[in-house]
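Accompanying notes for the structure given below.
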Amino acid sequence: MIAAVLPTYARAPVAFVRGVGVRAYAEDGTEYLDFGAGVAVNSCGHAHPHLIAALTEQANKIWHTSNLYQMPGQVKLAERLIEHTFANTVFFCNSGTEATELAIKMARKHFAALGQPEKFHIITFEGAFHGRTLAALAAGGQQKYLDGFGPKAPGFDQVAFGDHAALEAAIGPHTAAIYIEPVQGEGGIRSVPPQCLRGLRALCDKHDLLLMFDEIQCGIGRTGKLFAHEWAGITPDIMAIAKGLGGGFPLGAVLATEKAASGMVAGTHGSTFGGNPLATAVGNAVLDVVLADGFLENVNRQALNLKQGLARLKDLYPNVIEDIRGEGLMMGIKTKVLNSDFVKAALGQHILVIGAGDNVVRLLPPLIVNDADVTEALHKLEAAAATFEKN
Ligand SMILES: *Cc1c(COP(=O)(O)O)cnc(C)c1O
């Protein structure tokens with residue numbers, strides 16, 4: 001008999017009922033160190049008092065009004081995102097894939113409104129993950145996710161990660177945009193080097209393409225800057241964000257320049273729930289935390305602690321760990337054992353980590369981790385690695 005909940009996930013046999021900071025507690029009270037943060041979502045950790053206060057304050061006022069009316073919480077959050085980024089305008093949605101969907105629509109509409117509707121192709125990269133709606137799947141281009149769901153949505157050209165010649169060759173009169181994660185998440189924590197991001201910017205300028213970043217996972221302080229592309233000193237035309245933005249409340253957004261968004265006039269896009277008062281109250285509270293003095297300094301400090309500790313583990317367990325990669329608090333351990341076995345071994349040591357492509361184990365702790373949390377995590381990961389040496 002089919003499960004009550006559609007069985008599309010391979011779930012670990014544990015349910016969490018409570019969380020505080022970097023720790024989550026199972027039904028039986030067992031404490032776990034949460035270095036997955038719900039896949040980079042719990043940016044401020046569990047039960048952050050400032051987020052709880054913002055959500056309950058809003059819950060006592062009004063939950064939902066619809067985008068038929070003025071949305072002061074959206075305006076405030078949009079203005080703050082604009083103040084801290086390249087963007088001139090923001091659209092709010094509920095998830096990453098919806099943000100991807102709008103980024104694609106916006107790029108196509110931009111050129112259509114200029115009288116160039118034939119420019120609708122988007123170039124993406126092997127190993128990408130942009131979400132699970134039909135267009136986002138086509139953008140991600142992963143066969144295992146596309147299989148059986150009918151013809152792949154047209155207009156996506158994928159090139160190998162880091163293959164500059166293939167990229168240039170893929171650009172044609174039909175190309176509207178390049179869409180890329182500055183740090184691939186699901187693909188296995190693969191960073192695009194800053195000089196390559198700068199190269200993409202130059203290429204887009206040269207060919208009159210829009211540069212679009214998917215910072216759904218790597219944004220909101222995850223790499224030690226508010227957005228990962230800031231390390232490269234360039235800006236995109238359009239950017240999709242979600243995950244950490246809501247700190248656990250479903251919230252996504254698309255940020256864009258005025259020029260890139262020029263086709264998106266009244267009636268061209270919408271969402272029932274997108275940016276509702278509860279979501280933007282929490283989003284604003286997340287920004288209060290992440291933009292506070294010293295917050296990103298702590299991310300960078302803990303990132304260094306973590307990276308150094310992981311490098312030591314790699315030296316200690318060369319038969320288990322092949323490589324350490326990543327930026328900030330978005331780290332990957334490429335394992336020599338099956339990554340899913342390592343994730344299980346970590347769970348056995350009461351630390352939550354997450355599998356990714358390329359046989360990588362992802363570490364995505366809440367950005368509020370401190371020295372003691374990182375030290376504890378490294379002990380638990382060492383114990384997990386040791387379980388393989390014994391066999
Ligand atoms: C998670 C993720 C998405 C999809 O987000 P959903 O909220 O699951 O729809 C898209 N792109 C990247 C880079 C992601 O990490």
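Computed from the coordinates by the stated procedures, all read-outs in this text should not be read as laboratory data. Model, not experiment: these values are computed from the prediction. Every residue, glycine among them, receives a Cβ derived from its backbone with ideal geometry; neighbour counts consider all protein chains shown.
Please find, among 178, 234, 220, the residue that is more than 26 Å from residue 262 (Cβ to Cβ), among the aliphatic types (A, V, I, L, M) and either outside any helix (DSSP H, G or I) or within 16 Å of the ligand (Cβ to nearest atom) (or both).
The unique qualifying residue is 220.
If the requirement is being within 15 Å of the ligand (Cβ to nearest atom) and more than 20 Å from residue 107 (Cβ to Cβ), which of these qualifies: 185, 162, 141?
185
I'd like to know if segment 106-123 contains one or more residues that are closer than 30 Å to residue 340 by Cα and either within 15 Å of the ligand (Cβ to nearest atom) or not polar (S, T, N, Q) (or both).
Checked against the condition, which is being closer than 30 Å to residue 340 by Cα and either within 15 Å of the ligand (Cβ to nearest atom) or not polar (S, T, N, Q) (or both), segment 106-123 yields no hits at all.
Of the residues that make up segment 62-80, is at least one under 26 Å from residue 295 (Cα atoms), of a type in the set (A, V, I, L, M, F, W, C) and assigned to a strand (DSSP E or B)?
no
Looking at 206, 225, which one is among the charged types (D, E, K, R), away from the ligand (no atom under 14 Å from the Cβ) and in contact with a Phe, Trp or Tyr (Cβ under 7 Å, 6 or more places away or on another chain)?
225
Look at segment 143-161 and say how many of its residues are assigned to a loop (DSSP other than H, G, I, E, B) and either over 21 Å from the mean Cα position of the chain (by Cα) or polar (S, T, N, Q) (or both).
The total comes to 9.
As an exercise: evaluate residue 288 against (1) farther than 21 Å from residue 112 by Cβ; (2) out of contact with any helix residue (DSSP H, G or I) (no Cβ under 8 Å at 6 or more places or on another chain) and give the number of the one condition it does not meet.
(2)
Taking segment 37-58 only, how many residues are assigned to a loop (DSSP other than H, G, I, E, B) and in contact with a helix residue (DSSP H, G or I) (Cβ under 9 Å, 6 or more places away or on another chain)?
Looking only at that region, the number is 6.
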